[in-house]
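Values in this text are rule-based calculations from the coordinates and carry no lab data. The structure presented is a predicted model; accordingly, all values stated were derived computationally and were not measured. So basically every Cβ, Gly included, is an ideal-geometry build from the backbone, and we count neighbours across all protein chains shown.
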Amino acid sequence: MTTPRKIIIDTDPGQDDAVAILLALASPELEVLGITAVAGNVPLSLTQRNARMICELAGRGDVRVFAGCDGPMVRRLITAEHVHGKSGLDGADLPEPEMPLADRHAVDFLIDTLRAETPGTVTLCVLGPLTNIATAFTRAPDIASRLEGIVLMGGAYFEVGNITPAAEFNIHVDPEAAEIVFRAGVPLVVMPLDVTHKALTDRSKVEAFRAMGTKAGAAVAGWTDFFERYDKQKYGQEGAPLHDPCVIAYLLQPGLFTGRHVNVEIETRGEYTLGMTVADWWGVSGRPANAMFMGGIDREGFFALLTDRIGRL
C-alpha cells in the first residue's frame, strides 16, 4: 500500500463539514495530522466542540483538534445557524465530547507542522472561511511554499452566491483572508457551488446511510435530513448539496471532478459583490491562472465513494 497522503482539515462544522471529516477519517489513503477549527457556520466555541464530537463518532479520539481564529481578519463574524441550526450539527443527537481540545492555537499548529514536515508533503483541506490559513501565511510567509497544495470548498461563478446574490458563504465571511490565500502562489483546487450544487442528495441516498445500522450512518442521515429541508425550499431541488465532502472526495478520486485552471480574484471592495470569486472562466483578463476551478462531478461515483467509506465506520 502506498504511503498515506498527509492532510490537515481546517473546518467550521457544519453538517456537510462533518460528513467530509468522517470521509477523511474512514479513508486509509489519508493521514489526518490534525483538525483546525475556525469560526464560520457557527461560532468557534461550537465548531471546535463539533469537530471533537465528529472524531469521537468515527472512533478517532486520537486525532488532535485545535481551536483557531474566532472571527474574520478585519470584519464582524457572519454565521449560518439558519442553515445548520443552533449547534451547527442539528439533526443528530451526539454526546458531548470527552476528548480534550489540544492546548495550542490552530495557527501555531499550522505553522509548526508545515515547518516540521518535509516540503511538498502536506495538503490543506479547507472547509470553512480561510481565516486560519491566511493568518498563518501572514505570520509565517515561508510555509506557503512548503505545502503540496490546498483543496478548498468556496466560491462560485456560474452559480453566483448563496449568502448574498454574488458571494458564497465561506469566501464572503472573510474575503480578505481569501484574497491572501488565492494570491499566495500555492497550488489551489477550488470546489465552488458550481460543482457542489451537483453533489445533491436524494431520498434513496439518505436512506442508504440510515440503512447502514451504524452510529455514523444514522448521524449522516439525520444531518442530511435536517439541512435538506432548508435547501429544498431555497433551491427547489430534490435534495441538498453536500458541499464539503467534495474536497475529500477529490483527494481520494480526482477523476470524479472536471474543471479548468483559471485566474480567480476575490472581490473585497464591491458594494454588492463583496466576497465574490471572479473566475476568469473564458480567459479574457490576461491574468495568470492561480486555481483549478471545478465545474463538473460524477454524482453517482461521488455517492458510491461516500457510502462505501462511511459504511466502514
Loop-only GluC sites (Glu not before Pro) in region 70-145, please: DSSP not H, G, I, E or B, and at most 14 other Cβ atoms within 10 Å.
Glu98
How would you classify region 1-104 from its alpha-carbon gyration tensor, with a ≥ b ≥ c the square roots of the eigenvalues: rounded for a/c under 1.5, else prolate if a/b is greater than b/c, otherwise oblate?
prolate
Rg over Rh of region 162-208, using C-alpha atoms and the Kirkwood radius, what does it come to?
1.12
For region 5-310, what proportion of DSSP beta bridges, expressed in % and rounded to the nearest 5, is antiparallel?
30
At q = 0.15, 0.30 Å⁻¹, the log10 of I(q)/I(0) for region 264-313 from a Debye sum over equal Cα scatterers comes to -0.65, -1.11
Answer with one residue from Val63, Pro165, Leu251: the one whose Cα lies farthest towards the positive end of the charge dipole of the chain, charges on Cβ with Lys, Arg +1 and Asp, Glu -1.
Leu251
Give the total of Lys-Lys pairs in the chain with Cα-Cα distances below 25 Å; include a pair only if its members are 8 or more places apart or on different chains.
8
Apply the a/c threshold of 1.5 to the C-alpha gyration tensor of region 107-164 and tell me whether it is rounded, prolate or oblate.
prolate
Given H placed on each backbone N at 1.01 Å, which residues far from Ala291 in sequence or on other chains put an amide H within less than 5 Å of it?
Val262, Val264
Indicate the gyration tensor shape class of the chain (rounded, prolate or oblate), computed on the Cα atoms with a ≥ b ≥ c the square roots of the eigenvalues: a/c under 1.5 is rounded; otherwise a/b larger than b/c is prolate and the rest oblate.
rounded
Peptides ranked, highest mean first, by Cβ atoms within 10 Å: ranges 20-28, 121-129, 200-208
121-129, 20-28, 200-208
From Cα pairs below 8 angstrom and at least 6 apart in sequence, can you work out the relative contact order of region 156-229, rounded to a whole percent?
22
Would you please put 275-283, 44-52 in order of how densely packed they are, using the mean number of other Cβ atoms within 10 angstrom per residue and starting with the highest?
44-52, 275-283
Suppose every Lys and Arg Cβ carries +1 and every Asp and Glu Cβ carries -1, with no other charges. What dipole size does the chain come out with about its Cα centre, to the nearest 20 debye?
220
